[in-house]
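Read-outs throughout are calculated quantities, based only on the coordinates presented, and are distinct from any laboratory measurement. These numbers come from a predicted model, not from an experiment. Quick reminder, even Gly has a Cβ in these numbers, built from the backbone with ideal geometry, and neighbours come from all protein chains shown.
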Amino acid sequence: MKKSLFASAFVVLIGLLSASSGLADEPLVTFSGVIGVIPVSSGVGTDPTATVVNRNIVRGVQPPGQLWRIGDLKATVKIDGHIRVDGLGLLLAGGNNIGTNANQSVRARLFCGAAVHQSDLVPLEPNGDFRIDDILTPVSPTVEPVPPSPCNTPVLLILSSSGNWFAAGIPVFK
């Protein structure tokens, strides 16, 4: 009797562990497509050469001082916080170094409502391509270790090492 009870409990435990590991592999949120940064969202005043501008700030994150373009982006964040981002052609779209990666490194930052998690930095390839394959960590010690499920109002920003946003993923809603 004790052996069969132990065996039954063991089978149930294995089943629960398998089910929970399967959940960790489920996508929390996906992104397909991308928006490159335009640092200024508008000018203020009636003069055609406005000297006062509104910066294109997203979720409290400042844009860089120059335009950046990006060809494409695909990203998946799993329930356990694993993130995979494939970005193509993130390059300067203005200034004297136009068409270069400006020797930048980037990270992904995911906003799920007020919860904010981010990846480590990865260097841009000379052509602006990059791949992030990482586990997200909370930006603040008061945030849970993994992104909340469901991820409400998801925003994925690609940030420079100095913390400016270069690109934003387009969320896929099912």
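The rows are residues; the columns are (1) within 14 Å of ARG84 (Cα to Cα); (2) assigned to a loop (DSSP other than H, G, I, E, B).
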site: ASP120; (1), (2): yes, yes
site: PRO126; (1), (2): no, yes
site: PRO141; (1), (2): no, yes
site: GLU144; (1), (2): no, yes
site: ASN152; (1), (2): no, yes
site: ALA168; (1), (2): no, no
Flagged in the stretch 128-148 as within 22 Å of LYS74 (Cβ to Cβ) and loosely packed, with under 14 Cβ neighbours inside 10 Å, in numbering order, are ARG131, ASP133, THR137
